1. In sequence order, what are the phi-derived ³J(HN,Hα) couplings for the stretch B:156-164 according to the Karplus relation 6.51 cos²θ - 1.76 cosθ + 1.60 with θ = phi - 60°, rounded to whole Hz, with x for glycine and proline?
2. Have a look at A:Ala126, A:Ala170, A:Ala194 and tell me which one the Gaussian network model of chain A (Cα, springs below 10 Å) gives the largest fluctuation.
3. Could I get the Rg over Rh figure for the stretch B:164-272? Both from C-alpha atoms, Rh via Kirkwood, rounded to two places.
4. Taking each label point as 7 Å beyond Cα in the direction of the beta carbon, state the distances from B:Pro199 to the same residue in the other copies, shortest first, in nm.
5. Over the stretch A:240-287, what relative contact order in percent results from Cα pairs under 8 Å that are six or more residues apart?
6. If I take every Cα pair under 8 Å that is 6 or more residues apart in chain A, average their sequence separation and divide by the length, what percent do I get for the relative contact order?
7. By its C-alpha gyration tensor, with a ≥ b ≥ c as the square roots of the eigenvalues, how is the stretch B:313-363 shaped: rounded for a/c under 1.5, else prolate for a/b larger than b/c, else oblate?
8. If you put a point 7 Å past Cα along the Cβ direction, how far is that point for A:Ile270 from the same point in each other copy, in nm, smallest first?
Protein chains: 2
Amino acid sequence: MSTDQIRVNAEELRAFVATVFEKLGVPSKDAFTTADSLIKADLRGIESHGTSRLPRYVYRVENKLINTSPRIKIVRESPSTMLVDGDNGLGQIVGVWTMDRCIEKARSTGICMATVKNSNHFGIAAYYSMRALKHNMIGISLTNSQPLVAPTFGKQRTIGTNPISVSVPAGREKPFVLDMATSIVPLGTISVHAKLKQPINENWAVNKDGAPTTNPEEAEKEGALMPLGGPRITGGHKGYGLSTVVDIVSGVLSGASFAVTVGSPFEHTISNIGHFFAAIDIQAFRPLDEFKSDMDELIRTLKNSPKAAGQNRIYIHGEIEFEMEKNRIEHGIPVHEAFAKDLIDVGKKLGVDTRFLEKKEKK
Amino acid sequence: MSTDQIRVNAEELRAFVATVFEKLGVPSKDAFTTADSLIKADLRGIESHGTSRLPRYVYRVENKLINTSPRIKIVRESPSTMLVDGDNGLGQIVGVWTMDRCIEKARSTGICMATVKNSNHFGIAAYYSMRALKHNMIGISLTNSQPLVAPTFGKQRTIGTNPISVSVPAGREKPFVLDMATSIVPLGTISVHAKLKQPINENWAVNKDGAPTTNPEEAEKEGALMPLGGPRITGGHKGYGLSTVVDIVSGVLSGASFAVTVGSPFEHTISNIGHFFAAIDIQAFRPLDEFKSDMDELIRTLKNSPKAAGQNRIYIHGEIEFEMEKNRIEHGIPVHEAFAKDLIDVGKKLGVDTRFLEKKEKK
């Protein structure tokens, strides 16, 4: 652990964040859910989508860019589909509301698919897809996001990093949990390299002329991220296509914003983000035990596949995150001092006890 | 056009291929469908999945590795889901049978999702997803395939190039048609480079030690393809994850083969390939005119996005293929002389008139 980090107990941190949201007028249950999503991101090692974003949430709620008492409603419905209006609520609240109804509907029809409009940044996509696991269902969650990626042969930020998450239960093995942006890296990775003055991989981003760049400042200030695959020669058009699919089913199909019109959580605008959720009941297709046994076999086949020189392990998606979560529940979440200070500032402003953060701060 | 190619009329070629399948005992309607799929691939420029494969199909049918009179049946069904047993029929027949029923079911419930077991190589995935377009639906088709790709940090062919196709209707613009393997390139591209003794891109494949290689022969003979994204640093774990998702919903969920057990169409074995199809009725979510108008806007936004230096066009997925199809319907399908000879050999063996191929052959 780096010396400028402190370890914070996950439950204390969750309670703190929940209280912050309550102080902002978010109903208790919703405050807990939102806090839980942010702490889950920290636990799983996706810090970019965790409590480091709390000041941003506070800003947006205080400035009424997010509605703390949304009247989430189903606009159109069939036995297996829903169009949901999130009424500009917190993405987490809208997301959980919709995913849980999706799971309920899939229980009777085998599958349910929902699109959502008028929502906000919902944190990590896996938070929703994983809710299907304990119901023995496959969960899917997608969302569009503010433009950061250049289409193949383009140079401007035109489409989001639009993530794809798919969670699948297994038997004796841990569930398969894919949660990936459709860009190679998030903008945050470029920013970190810029701060540390480290060059970036030439496939990650383009400069203002649309040429690959290894200069993180150029990429961050005036460039754009490259889609998964990088340039055309290594399949970047495929990542661009996947990002477009996510935008279509999350944004266009729901009537939310899409492409360049999606609001950024870092700007003083309403986001009108669109999401997509689906739940697939495995038992509509196969007996559960057969499915789980085959999932175990697939997972073991992949893990036992011969390793490349210098490698000693092949990972299944979600595996690294499950191990990290276990470790961080036991040993605490590492929080960089700069972020701890941000959290303390938020707490002090809103009158929420921050001693659990202070007492561990290095003097 | 290269000088060792001839131009063949698409309808003549389709009729020829259909007659070949009829001679092999495939019922007329099925023979036409299979031929249509192969010609569609040639028209769209995906020659690797077109009539160049005909000798392989003939071999498999003659050797009873494919069942020409399958009793395709629904094993499990709910209003929005199906599990289909393809009875080892031609992938095209099983695919069309299932996709068309999916579309029919989606008409009444908003969405239908089907998984298929006991099937065979089905040609281009877009052939099925595109069937949804004229019904104003979004079509999805996925399939697993024989192991060719190494998982991230692995070195052995463990998982397929498992393609993803999503087709979405637009208004005045052409439909969006994504059809992509989850590897960077197909093995065929490596083989072509090997034949031409041209180095391959270092992200396309690994050698027998799992190290990136630019040597196409090494990659082809004893290496493995890299998943979309290439090595870990440029997001290869994401392509590996997508390939796994396709295998799960096509193979594991249906009870078909998966990972290393999927049969290759180039080997003397039953394939037991698994497919996944879905149809989403747009009108279950939004009025059709609104959706199509927003699709047009999304497409124009992407196409009008500023171009990278040296580029003058940004493409929408499917656009290149629509233009190629139009050109090839008008001017004929270019067929390499070596492949024309293969087709003539097939025709002569089965007593099918091949004069339309011969008369255009260069002397």
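None of the figures in this text is laboratory data; all of them are computed from the coordinates on show. Here the structure is a predicted model, which is why all the values come from computation and not from measurement. Note that each Cβ is placed from the backbone with ideal geometry, even for glycine, and that neighbours are counted across all protein chains shown.
1. Once θ is set to phi - 60°, the couplings for the stretch B:156-164 become 10, 5, 10, 9, x, 7, 3, x, 10 Hz.
2. Comparing A:Ala126, A:Ala170, A:Ala194 in the GNM, the peak value goes to A:Ala194.
3. Numbers: Rg = 16.2 Å, Rh = 15.6 Å.
Result: Rg/Rh = 1.04.
4. So the label point of B:Pro199 gives 1.8 nm to the other copies.
5. Numbers: 38 pairs, mean separation 14.6, N = 48.
With pairs under 8 Å counted, the relative contact order is 30 percent.
6. Working: 802 pairs, mean separation 78.9, N = 363.
Worked out over chain A, it gives 22 percent.
7. Working: a/c = 3.10, a/b = 2.70, b/c = 1.15.
It comes out prolate by the Cα gyration axes.
8. 5.9
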